[in-house]
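Trainee: Here's a structure for you.
The values are calculated or read from the model by the stated rules, or taken from the named source; none is laboratory data. In this text the structure is predicted, and so the values were computed from the model without any measurement. Using ideal geometry, Cβ is built from the backbone for each residue, glycine included, and neighbour counts are taken over all protein chains shown. Ligands, DNA and RNA are excluded from the accessible area calculation, which covers all protein heavy atoms including side chains. Shrake-Rupley method; radii C 1.70, N 1.55, O 1.52, S 1.80 Å.
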Amino acid sequence: MIRPMSDLPYALVVDSPLPHAAAVARTTEALAAEGFGIVSTIDLQATMKAKLGKDVEPHTILGACAPPIAYQAITVEEGIGVLLPCNVVVRGRPDGGSRIFLTKVDAMLGLVGRADIGPLADDVGARLEAVRQVLRG
């Protein structure tokens, strides 16, 4: 049995009994319900195998973006695109379940150091927390 993990300074953590592929699908659905589209998908398992010949557990990085909020952010702060999109990671676990990591937006956007980004960070953070609650069941 895999021990539950606490949140990290940079990520909200959710343990799911769903296998990797189902967890990716469920996470994508939960993100869509909160206004996020997936703008990039990285199959880290395939990349590690192809580039390094290493076997790792199923590991997918989803680049989640809420375009209206992203637009507001890039019009306020020129370089904020380096912090976009919000990455969501779904990792397979040895017990057949999955562990999901959602970007902790306040940690990321806090790097910008601008008060006018706060409301955007709060909005995205609340949406990702709602996603976490759905994934928790």
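Trainee: How much area per residue is accessible in the chain when the probe is 1.4 Å and only protein heavy atoms are counted (Å²)? Let's see the in-between values first.
Mentor: Details: 7580 Å² over 137 residues.
So the chain comes to 55 Å² accessible per residue, rounded to a whole number.
Trainee: Once phi is turned into θ = phi - 60°, what whole-Hz ³J(HN,Hα) does the Karplus curve with 6.51, -1.76 and 1.60 give for every residue of segment 95-108, x standing for Gly and Pro?
Mentor: Each residue's phi maps through the Karplus curve to give 7, x, x, 9, 10, 10, 10, 10, 3, 8, 4, 4, 5, 6 Hz.
Trainee: What's the FRET efficiency of VAL76 with LEU44 using the Cβ-Cβ distance as r and R₀ = 30 Å, to the nearest 0.05? Write down the numbers at each step before the final one.
Mentor: Values: r = 31 Å, r/R0 = 1.04.
Efficiency for this residue pair is about 0.45.
Trainee: Once the dipole of segment 27-104 is set up with Lys and Arg at +1 and Asp and Glu at -1 on Cβ about the Cα centre, which of PHE101, THR47, ALA33 lies farthest towards its positive end?
Mentor: Comparing the listed Cα positions along the dipole, THR47 ranks first.
Trainee: Go ahead and set up a Gaussian network model of the chain, Cα springs under 10 Å, then flag whichever of ARG93, ARG114, ARG127 fluctuates most.
Mentor: Among ARG93, ARG114, ARG127, the largest GNM mean-square fluctuation belongs to ARG114.
Trainee: Dipole of the chain, Cα-centred, from +1 at each Lys and Arg C-beta and -1 at each Asp and Glu C-beta, to the nearest 20 debye?
Mentor: The dipole of the chain has a size of about 520 debye.
Trainee: Moving on. Mind running the shape call on segment 1-97? Use the C-alpha gyration tensor, a ≥ b ≥ c as the square roots of the eigenvalues: rounded below 1.5 for a/c, prolate if a/b tops b/c, oblate otherwise. Don't jump to the answer; show the numbers that get you there.
Mentor: On the way: a/c = 2.04, a/b = 1.58, b/c = 1.29.
Here segment 1-97 falls in the prolate category.
Trainee: Separate question: Compute the length gained on full extension between LEU52 and ALA33: take 0.36 nm times their separation in residues and subtract their Cα-Cα distance, giving the result in nm to one decimal.
Mentor: Details: separation 19, 0.36 × 19 = 6.84 nm, distance 3.63 nm.
Between LEU52 and ALA33, full extension yields an extra 3.2 nm.
Trainee: Considering the options VAL88, ILE74, VAL56, tell which one lies farthest towards the positive end of the dipole of segment 36-116, charges being +1 on Lys and Arg and -1 on Asp and Glu at the Cβ, about the Cα centre.
Mentor: Farthest towards the positive end: VAL56.
Trainee: For the chain, which whole-number percentage of the solvent-accessible area (1.4 Å probe, protein heavy atoms only) is attributable to carbon and sulfur atoms? Present the calculation step by step, with values, prior to reporting the outcome.
Mentor: Numbers: 4470 of 7580 Å².
After summing per-atom areas, the C and S share lands at 59 percent.
Trainee: Give, as a single signed number, the net charge of other residues whose beta carbon lies under 14 Å from the beta carbon of ALA115, with Lys and Arg counted +1 and Asp and Glu -1. Let's see the in-between values first.
Mentor: Numbers: positive: ARG114; negative: GLU77, ASP106, ASP116, ASP122.
In short, -3.
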